[in-house]
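The values are calculated or read from the model by the stated rules, or taken from the named source; none is laboratory data. Since the model is a prediction, treat every value here as computed from it, not as a measurement. Here the Cβ is made from the backbone with ideal geometry for all residues, glycine too, and neighbour counts use every protein chain on show.
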Amino acid sequence: MIIEGQLRIDGQRFALVVSRFNDFLTSKLAEGATDCLLRHGAKEDKVDQIMVPGAFELPQAAKMVVDGGRYDAVICLGAIIRGGTPHFEFVAAEASKGIAQIALSSDIPVSFGVLTTDTLEQAIERSGSKGGNKGWEAAMTAIEMLDLAGKLKA
Ligand code: INI
């Protein structure tokens, strides 16, 4: 028997945790994620956007969302672009490790829609142009994992 999540939403509440750093990209990721949720049946009043300063803050805010107990899934969105210093490595490592840690310790799905790219062009490609929209993909993942969690509990 294969058990897998379906792409359906049945009244659940979603939290998008969105980094304001590189806002012109993260707003596109948030648009993509919201579009995905609404087109799979989410109600607009059950999708909230929680803003944080940068990707480094995503794990802590995701933890606040999980601990608050008001949402059924969390979608973390950010854009980290390599610069001329090692700063990128630290922010990217902490954001990804932190989000993974929250995901593992949480009972609800926490998905990773954070761009980590070498160039601005690569980031633009992945936030709604030729490389798709990573926000849309992260929302899709949250929907599937939420449905899978329901099946494994039932
Ligand atoms: N935050 C990002 O979301 N993306 C970046 O590319 C980035 N860079 O390169 O500096 C970035 N830095 C800010 C960081 O996330 C924190 O907000 C800041 O360090 C305060 O804790």
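Quick notes
- Scan of segment 1-55 for residues that are aromatic (Phe, Trp, Tyr), within 16 Å of the chain's Cα centre (by Cα) and farther than 13 Å from Asp72 by Cβ, ordered by number: Phe21
- Residue check for Ala15: touching a residue at least 24 places away in the same chain (Cβ under 8 Å), in a strand (DSSP E or B) and under 19 Å from Phe112 (Cβ atoms): yes
- Residues located in segment 71-117, provided they are over 18 Å from Asp23 (Cβ atoms), modelled with pLDDT of 95 or more and among the β-branched types (Val, Ile, Thr): Val74, Ile99, Ile102, Ile108, Val110
- Restricting Thr26, Thr34 to those that are closer than 18 Å to Phe88 by Cβ and of a type in the set (Ser, Thr, Tyr) reduces the list to Thr26.
- Scan segment 42-70 for residues that are of a type in the set (Gly, Ala, Ser) and either modelled with pLDDT under 95 or assigned to a loop (DSSP other than H, G, I, E, B) (or both) and the total you get is 3.
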